[in-house]
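Take a look at the structure set out below.
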Amino acid sequence: MSDDAHLISLRDEVRTWLEANAPKGWRDAYAGMTHAEFAQAQRDWFQTLVRGGYAIPHWPKEWPGGGRSLAEQKVIYEELAQADCPRLLLSFVSTYHAASTLMECGNDTQKARYLPRILEGETWCQGFSEPGAGSDLASLKCKAERRGDVYVINGQKVWSTMAQYADKCLLLVRTNSEGAKQAGITFLLMDMKAKGVTVKPINQIQGDQEFCEMFLDDVEVPVEERVGEENAGWAVAQATLSSERGLTLMELSYRMRGALRRVAGLIRQHGRENDQGILRDFGQLVARVDSACAIADQFLLNRMNGIERVGDASVVKNTYSRVLREYSLLGLRLGGLEEQTRHAITYGDLNTGNWMADFMNSYAWTIAGGSEEVQRNIVAERMLEMQREPKGWAA
Amino acid sequence: MIELSELQDAASKAFPADQLRPERDAAWQLAAEMGWLMMPVSEEAGGLGLGRDASATVLCEMGRVLGTAPLISALLTVQALGEASELTDQQGWIERACAGEYIAMNLDRATISLGAGDVLDATLPAVPDADMASHTLVFGPEFCALVPLDAPGVTVTERHMWDESRRLFDVTVADHTIEPGMFLAKGAAATAIGDALRTGLVLAVAADSLGGAAACLSMTVEYLKTRRQFDRPLAMFQALKHRCADLKIELGAAEALLWARAGDEAATTTDIGSAKVLACDIFRKIAEEAIQLHGGIGLTDEHMCHLFMKRAMLNLQLGGDLDVWRERAGRQVLASFAD
């Protein structure tokens, strides 16, 4: 079978499966949910996808549903977007960040223990950022002291996505305060039920509780739960952070393309079909959304051909996040006063048509995962090769 | 099959980035020698039979060097000759055009009246390099024909343009009888040629803009890396870095859209128009910022900044202004979500 024919047949297969298995009317159901009910719905949808063989297409082929080429993964994500299925949020850190960390840097015992559990629904969160270590992650201070067979952890973490539901945590700790700050970091796998772990969800401006604070008081983590060598955790963290390159933004861009339907609906609802100003702004948005899809596609196509230039991912991310903001702002303009009335939010989607919530949610992409400003620095310094500022500024 | 990257390499070798605004007649001759004029002609007719993305690739490279030869119009008219089923000695015309005989066309909307006995009166605005053309192609409703520029009743007047990298002329035609063999097509076939010319122009201007935008940004970044103030290169200031990064990012998105659309035969004229919106808009922004970021030197005639800026401003107007394409894109997508 030719490549094209193979992908067409995969597309049909996924589409047929989704028609039978995708949750029907999930938007209405999700809208009235508590956050805990949302988490349960996410677990159910993940298990359905695991059974269908579409939850972990990026894993190696010895795993059921794994071993998919990038081209096949693209087809699966395109179909998930096309069918407007719920996105997988709760399992994202587990199937991408945790899996990639374990596969690339974990030892055999760790892989054998944790990878199967991820498929059974074990949920992971990330303990990277701290109140004083955001964009400058390497300056983290959460301290780990070696005492015999355990590390004793004290400190605070923040912005841990869905940590209130997590079983395990990918934790970065400081084991050495001397020398280069990157050289004193160690990577641990922490049990979220361990004594001394306190998780506090953060109330966000749109009413979501997607992120948590984590307080760690004398938490003991066995030494066997360390990934890589002591003080070599920074390199492991790079494997974690580079686990997902391009597929999510491709999927999200296509979801936004489909969600232009909501903007079109507002234009009709408010009788603006012949308002030249609105049509122009809508046309501009359409061009921008299409360009976000095109650049995400191009990035993936390059990866399939083994091309990945420094900074390309930053260009894709900033394009998407900027266009997402533009999308929600046009919705707000069209929606008028009605959108200033508070409606129940739909968890887990960026293009819900609840325009104030969508606007506020769009910051998740301009701030999280390397802020827009950090991406600009990468583009300027590494793509355009503009000189870096000398280090060592001190107040 | 020639790869686009090979075309791009060949073009950038023939027209090096550091030689902006190459002399027109030599550039035209070189373009003809490179075989570029054969690209849009089918292989059966002796051409290379390359798609519109091939022409766009070459035009993007010409945008990079502020190309002066009239390739935008020439590639479109040679393509039209390939469709000219009614033209006497079609093959001879194609061969001469591929070899470098320049057939021009107007880039702005014409006023045309074709009376009984095929007597033509027309005002044809913005004809590039009419001084070196033998004929101009007139495409009106239901007909498409060649008019010799040295015929009685034809006047050719050069416009004094701000953009010094291109020369535009206004051509008027009074009481000119079109010989029967000079029609490329009539009726629906002529309308199809006219539509293809209009779409092709939009794509061509967009591609030219992307080349100009990339070259202008690169020139500006290089300047910031070398110019020192406050004991450091200007490029070290984050305020300037972020402005350049934003331009680079927006350019990347515009490029991705244009190349996706250029390679998609199903893309509508409006789809190409959307790509032009982003391409011309980012060229304008980069050229505008380039002068500001160069400081005083950017305001001098000796520096290249103003050449990019003036070409960017002209490109905004050629092939339909951006608001027209924005509105059409808006209407098209609104209609696609009809329920």
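The values are calculated or read from the model by the stated rules, or taken from the named source; none is laboratory data. Because the structure is a prediction, the values reported are computed rather than measured. No Cβ is skipped: glycine too gets one built from the backbone with ideal geometry, and neighbour counts run over all protein chains shown. Areas reflect the complete protein model, heavy atoms only, side chains present, ligands, DNA and RNA absent. Shrake-Rupley method; radii C 1.70, N 1.55, O 1.52, S 1.80 Å.
With all protein chains kept in place, the per residue accessible area of segment B:159-282 amounts to 38 square angstrom at a probe of 1.4 angstrom. Per residue, the convex hull spanned by the Cα atoms of segment A:79-171 measures out at 144 cubic angstrom.
Near A:G53, no amide H atom lies under 5 Å from its own; only residues 5 or more places off or on other chains count, and H is placed 1.01 Å from N.
For segment A:29-129, the fraction of C-alpha pairs more than 17 angstrom apart is 55%. What the Cα atoms of segment A:229-370 give is an Rg and a Dmax of 17.7, 65 Å.
Binning all Cα-Cα separations of chain A at 10 Å, short to long from zero, yields these whole-percent fractions: 5, 20, 31, 27, 13, 3, 0, 0. Expressed as a whole percent, the accessible surface of the protein assembly as shown that belongs to carbon and sulfur atoms is 51, based on a 1.4 Å probe. Pairs spanning more than 27 Å between alpha-carbon atoms, out of A:K111/A:K200; A:K111/A:K391; A:K74/B:K241; B:K186/B:K276; A:K141/A:K193; A:K61/A:K193: A:K111/A:K200; A:K111/A:K391; A:K74/B:K241; B:K186/B:K276; A:K61/A:K193. Of the three principal axes defined by the Cα atoms of segment B:187-228, the extents in descending order read 63, 6, 6 Å. Helix B:238-262 and the longest principal axis of the Cα set of chain B meet at an angle near 30°. Once you reduce segment B:293-339 and segment B:132-180 to the center of their Cα atoms, the two points are 26 Å from each other. Neighbours of A:D349 by Cβ distance under 13 Å: Lys/Arg scored +1, Asp/Glu scored -1, total -2. The A-B contact accounts for approximately 3500 Å² of buried accessible area, totalled over both chains at a 1.4 Å probe radius. Counting every C-alpha pair in segment B:191-336, the share spaced more than 21 angstrom apart comes to 47%. P(r) tail, segment B:265-339: Cα-Cα pairs separated by more than 13 Å, 68% of all pairs. Each distinct pair of alpha carbons in segment A:3-88 adds a 1/r term; the inverse of their mean, the Kirkwood radius, is 13.7 Å.
Spin-label pair A:N203-B:S85: with each label point 7 Å from Cα along the Cα-Cβ axis, the two points sit 7.3 nm from one another. Near B:D264, once Lys and Arg are set to +1 and Asp and Glu to -1 for all other residues with Cβ below 13 Å from its Cβ, the sum equals -3.
With the convex hull drawn around the C-alpha atoms of the protein assembly as shown, the volume per residue stands at 182 Å³.
Relative to the compact-globule estimate of 2.2 N^0.38 Å, the Cα radius of gyration of chain B comes out at 1.03. Per-residue ellipticity at 222 nm from helix content only, as computed over chain A with -39500 (n - 2.57) for each DSSP H run of at least four residues, stands at -14500 deg cm²/dmol. What angle do you read, to the nearest 10 degrees and between 0 and 90, between the alpha-carbon axis of helix B:90-99 and the longest principal axis of chain B? With both axes taken from Cα atoms, the answer is about 30 degrees.
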